[in-house]
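Asks: To start, I am sharing the structure in question, which I have written as structure tokens.
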Amino acid sequence: MTGELLLVTGGAGFIGSAIVDAALARGYRVRVLDSLRADVHGTAPEPEAGSGPGAKPVPGVSPGTGPTLRARNVLPAGLDSRVDFVHGDVTDPATVARALEGIDVVCHQAAKVGLGVDFADAPDYVHSNEVGTAVLLAAMAERGIRRLVLASSMVVYGEGSYRGPNGFTRPGPRLASDLDAGRFDPLDPVTGRPLEPVLVSETDPLDPRNVYASSKLGQEYLATAWARSTGGRVAALRYHNVYGPGMPQNTPYAGVASLFRSAIERGEAPRVYEDGRQRRDFVHVRDVAAANIAALEFTAFDWVSPSATAPVETDATPATAAAVPPEPVGAAPSMPQSVHSDSGIFRPFNVGSGIVHSIGDMATALAAAGGLAPIVTGQYRLGDVRHITASSERLRRELGWCAQVTFDDGMREFATSPLRAAVRP
Ligand SMILES: NC(=O)c1ccc[n+]([C@@H]2O[C@H](COP(=O)([O-])OP(=O)(O)OC[C@H]3O[C@@H](n4cnc5c(N)ncnc54)[C@H](O)[C@@H]3O)[C@@H](O)[C@H]2O)c1
């Protein structure tokens, strides 16, 4: 039982709300700051002055929100009534200052997510994700709050890691001519043969390939700088493909799991791009929430960096037999790797189940529940990565976390569990 006061930004979202439930169960008192983005939650609710369970303070803590905010702090459907809800934007310094009152530790989930519709989305990504993080970190620095869990993403790696005839390699973006010809796997430039995908580890090179990805990496850079400058402690969780109850169903930013799940709900077969053999690591939202709880606790303690001579990480699970590439000798200086000095800690962790599945596997598992068979279309989206799967060995070894929900159980539940209500703009 911790009794600490935790701020979850984005706590009304898909992952944030699962974290809130896990944190309450763990004994945290929880405040949520969420703007209830219209493209996520639909049109924001009308303010109801002084009403709603959101007006209820966390025991022993002043709500810390001014009259305007308090009037709007109606608890969104689905959030536990014990939550102190602040309806506001993480880019607004005054709102953030009030939301941080009395806070011991912050779990920063708020972000504009997904791949975006087109480049016109760029300012929104940068504002919401990078400016929002900067505002939050500045306010934490000012108040002496030194503990942060940051929601990052596998997208910081870009394409996954591969093994070719000359060792480990990171191929560039695939060519339209190869994709048109059905050559979906990245090819070795010398032999022209497909490269063998392997698991990415936290020390792999980072290569964000779209604005969302660069904004997630931007958040990591900001958190690294904050840790150095304030002595703060950061666990950055690089989630892989998160799925589970409460996923959004119809936004242009939704991930492939919810697109398939929505198709099945409409009685349609999921349509699978390429040949369906794209490798991913699907991790259940309750496991992601548990990883956040473990990470919150990581930020509370002194941490000693594993020896530089630590053995190369391997994954014992047969389904993940592909090797993890050895850690590069001296990471490129522009890459946020673990930072541990007298003045702070930044430590990234992959959050994946550790088991490799294909997108076709997921479509088959979900479609089976609706008595359907997926349709493999051969279509492609230029810019999609072919394979990206993680070693989550660091999270397991250092934080004692282990995924509990199996692919079969999780997909069976997800096939029929409710999605988040459709957005009505
Ligand atoms: N879903 C995934 O598979 C996945 C994978 C990797 C990383 N992530 C990261 O996990 C985090 C949570 O993602 P999610 O899938 O739950 O998304 P979500 O859209 O369901 O939740 C995000 C929440 O943040 C809120 N929000 C957005 N911008 C805000 C702002 N400026 N101020 C205050 N609130 C704001 C939204 O209203 C929403 O409730 C994000 O940081 C995302 O980048 C998600």
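Asks: Taking D275 and the conditions (1) more than 12 Å from the ligand (Cβ to nearest atom); (2) crowded, with 18+ Cβ neighbours inside 10 Å; (3) modelled with pLDDT of 95 or more; (4) not small (G, A, S), which numbered condition does it fall short on, given that it satisfies the others?
Replies: Just one mismatch for D275, condition (2).
Asks: So which residues in the range 15-42 are assigned to a loop (DSSP other than H, G, I, E, B), touching a strand residue (DSSP E or B) at 6+ places or on another chain (Cβ under 9 Å) and within 6 Å of the ligand (Cβ to nearest atom), if there are any at all?
Replies: S35, L36 - these are the residues of the range 15-42 that are assigned to a loop (DSSP other than H, G, I, E, B), touching a strand residue (DSSP E or B) at 6+ places or on another chain (Cβ under 9 Å) and within 6 Å of the ligand (Cβ to nearest atom).
Asks: Can you spot a residue in the range 222-235 that is closer than 21 Å to A18 by Cβ, among the charged types (D, E, K, R), modelled with pLDDT of 95 or more and not in a loop (DSSP other than H, G, I, E, B)?
Replies: no
Asks: Could you say whether any residue in the range 171-183 is crowded, with 18+ Cβ neighbours inside 10 Å and in contact with a His (Cβ under 8 Å, 6 or more places away or on another chain)?
Replies: no
Asks: Which condition number does R397 fail, the rest of (1) in a loop (DSSP other than H, G, I, E, B); (2) under 18 Å from S201 (Cβ atoms) being met?
Replies: (1)
Asks: Can you name the strands (runs of 3 or more DSSP E) wholly within the range 133-216 that have at least 2 residues being modelled with pLDDT of 95 or more, in contact with a Leu (Cβ under 8 Å, 6 or more places away or on another chain) and not β-branched (V, I, T)?
Replies: Fully inside the range 133-216 and qualifying: 147-153.
Asks: Which residue pairs have Cβ atoms under 6 Å apart, sit 6 or more places apart or on different chains, and have a first residue in the range 347-368 that is on the phi > 0 side of the Ramachandran plot and touching a residue at least 24 places away in the same chain (Cβ under 8 Å) and a second that is surrounded by fewer than 20 Cβ atoms within 10 Å (Cβ to Cβ) and in a loop (DSSP other than H, G, I, E, B)?
Replies: G354/T317
To keep it simple, each residue is scored yes or no on (1) more than 9 Å from the ligand (Cβ to nearest atom); (2) surrounded by 17 or more Cβ atoms within 10 Å (Cβ to Cβ); (3) closer than 29 Å to D39 by Cα.
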residue: Y125; (1), (2), (3): yes, yes, yes
residue: N129; (1), (2), (3): no, yes, yes
residue: A134; (1), (2), (3): yes, yes, yes
residue: E142; (1), (2), (3): yes, no, no
residue: R146; (1), (2), (3): yes, yes, no
residue: V149; (1), (2), (3): yes, yes, yes
residue: S152; (1), (2), (3): no, yes, yes
residue: G158; (1), (2), (3): yes, yes, yes
residue: G164; (1), (2), (3): yes, yes, no
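Asks: Could you list, in sequence order, all residues of the range 340-367 that are buried (at least 20 other Cβ atoms within 10 Å of the Cβ), within 25 Å of L222 (Cβ to Cβ) and either within 18 Å of the chain's Cα centre (by Cα) or among the polar types (S, T, N, Q) (or both)?
Replies: Listed by number, the residues that qualify are F346, R347, P348, F349, N350, V351, G352.
Asks: Can you tell which of G370, G378 is farther than 25 Å from S161 by Cβ, surrounded by fewer than 19 Cβ atoms within 10 Å (Cβ to Cβ) and touching a helix residue (DSSP H, G or I) at 6+ places or on another chain (Cβ under 7 Å)?
Replies: Only one candidate qualifies: G370.
Asks: I need the full set of residues from the range 1-35 which are out of contact with any helix residue (DSSP H, G or I) (no Cβ under 7 Å at 6 or more places or on another chain) and at pLDDT below 95, in order please.
Replies: Hits for the range 1-35 are M1, G3.
Asks: Taking only the range 89-103 into account, find how many residues are more than 7 Å from the ligand (Cβ to nearest atom), touching a Ser or Thr at 6+ places or on another chain (Cβ under 8 Å) and without any contact (Cβ under 8 Å) to a residue 60 or more places away in the chain.
Replies: So the answer is 2.
Each row is one residue, and each column tells you yes or no for (1) away from the ligand (no atom under 13 Å from the Cβ); (2) under 17 Å from the mean Cα position of the chain (by Cα); (3) touching a residue at least 60 places away in the same chain (Cβ under 8 Å); (4) farther than 21 Å from A134 by Cβ.
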residue	(1), (2), (3), (4)
P205	yes, no, yes, yes
P208	no, yes, no, no
A213	no, yes, yes, no
K216	no, yes, yes, no
A223	no, yes, yes, no
G231	yes, no, yes, no
Y243	no, yes, yes, yes
V256	no, yes, yes, yes
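Asks: Determine which single condition V106 fails, assuming it passes every other condition in (1) in a helix (DSSP H, G or I); (2) in contact (Cβ under 8 Å) with a residue 40 or more places away in the chain; (3) within 13 Å of the ligand (Cβ to nearest atom).
Replies: (1)
Asks: What do you reckon, is P245 crowded, with 21+ Cβ neighbours inside 10 Å and either at pLDDT below 90 or part of a loop (DSSP other than H, G, I, E, B) (or both)?
Replies: No, not satisfied.
The values are calculated or read from the model by the stated rules, or taken from the named source; none is laboratory data. Bear in mind that the values here come from a model prediction, so they are computed numbers and not experimental data. Cβ coordinates were reconstructed from backbone atoms using ideal geometry, including for glycine residues, and neighbour counts include every protein chain displayed.
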